[in-house]
Every structure is written in structure tokens, then in C-alpha cells.
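**Q** Sharing a structure, written as C-alpha cells. Questions coming.
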Amino acid sequence: MSCEFSTPERDNVTVGGFSISDEMCVNYIHYYPKVNLEVCKSSVDTASLRAYLRFMKRWELQETSDDLGWRENYHAIRWTPLRANMLGDMYLNSPLSMQCNQSNGDRFPGYWENIPIPKILHPLPQPQSKCVPGKMESDEEVEEEEVEEEEVDGGIFSLN
């Protein structure tokens, strides 16, 4: 599945969530026969995300904090291609935290933390980037910059 959410007019990162200003990509899977499953959600392991945010504070001098929520921490980072690539690498290599609920709302029994990332046996071709070079605004002037792109781990990132 692929989702696109264009936000070039924003000054900061767009996070996933259910707000109208969030990226709201959700997958639905229909299956048969019926089982006692209501919903399954996954997220990156909390310890891995905290380690990334602490690294951003200590070595990149970003205003992240253990006292802030994940959304506020993401907005506290001044994003560069390097920082975005580091975050992407963390997401690709960190274990998952799973939450699967039964139809009655109770969680399925078992330990659902530190789940290894599933191996993709038959990867889909990467879609072409629809990002276009844009204008960079400064306090004194607006000028066009040439955007150089580099393909890294299947994703295309702007180097400007």
C-alpha cells in the first residue's frame, strides 16, 4: 500500500495521526472466516524512539526532551536530510510494539513488545517521487534553489 500526503507549504514535519492536519494513511484488510479480531496496530519500539530523540538532543543540539510527547519532539527537530535519513534508518531497523485487540476490546494475551520486523520476501517496485523543486524563502529574499536528489534505501530525499 502507498499513501501520499503533500505538505510543501508547511514549515515543519507532518506526523501521522487522526487530526485533519495529520497524515491519515490507514490499511484495512478483509478476511474470512471471522475471528475474534477487532484491530491490530504497530509502532516503532518506544525505547528505540527515545534513543533517537536523546541522540538528537545530545549530538545534534535539538530541543527534544523526555518530558515531551512524540509529536512535540518531532516538531522540536530542525529537519535536515541527514536527520530524516537517520530517523528512517531507525524505523527500518528497530523492533515493533504491537497492540492487537479482540472484538470485545480486550487485548490478545501474550507479549507483544520487541517484535522483530518481518522480512519482505517479494518487495514491490518503488514508486517514482512526485516531489518537485520549489522555492526556498528567506527573511530577505525569495530565490529558487536547484534541488539535488539522492536515492537512499529505496527512498528519494532532497539534499538541499
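Bear in mind these aren't lab numbers, they're just calculated from the coordinates by the rules spelled out. This is a predicted model, so every value here is computed, not measured. Neighbour counts run over all protein chains shown; Cβ positions are idealised from the backbone, glycine included.
**Q** Where in the range 95-132 is the amide nitrogen less than 17 Å from a point lying 7 Å along the Cα-to-Cβ axis of residue 25?
**A** Within reach of a label on residue 25, which here means backbone N under 17 Å from a point 7 Å along Cα→Cβ, the range 95-132 contributes 118, 120, 123-132.
**Q** Would you please state the base-10 log of I(q)/I(0) at q = 0.16, 0.21, 0.23 1/Å for the range 2-113, with intensities from the Debye formula using one equal scatterer on every alpha carbon?
**A** Taking Cα atoms of the range 2-113 as identical point scatterers yields -0.92, -1.29, -1.41.
**Q** Under a crude label model (7 Å from the Cα following the beta-carbon direction), how far is residue 72 from residue 119 in nanometres?
**A** Reported label-point gap for residue 72 and residue 119 is 4.2 nm.
**Q** I've got another one for you. Hey, for a label at residue 12 modelled as a point 7 Å past Cα toward Cβ, could you say which residues of the range 48-64 have their backbone N under 14 Å away?
**A** 62-64
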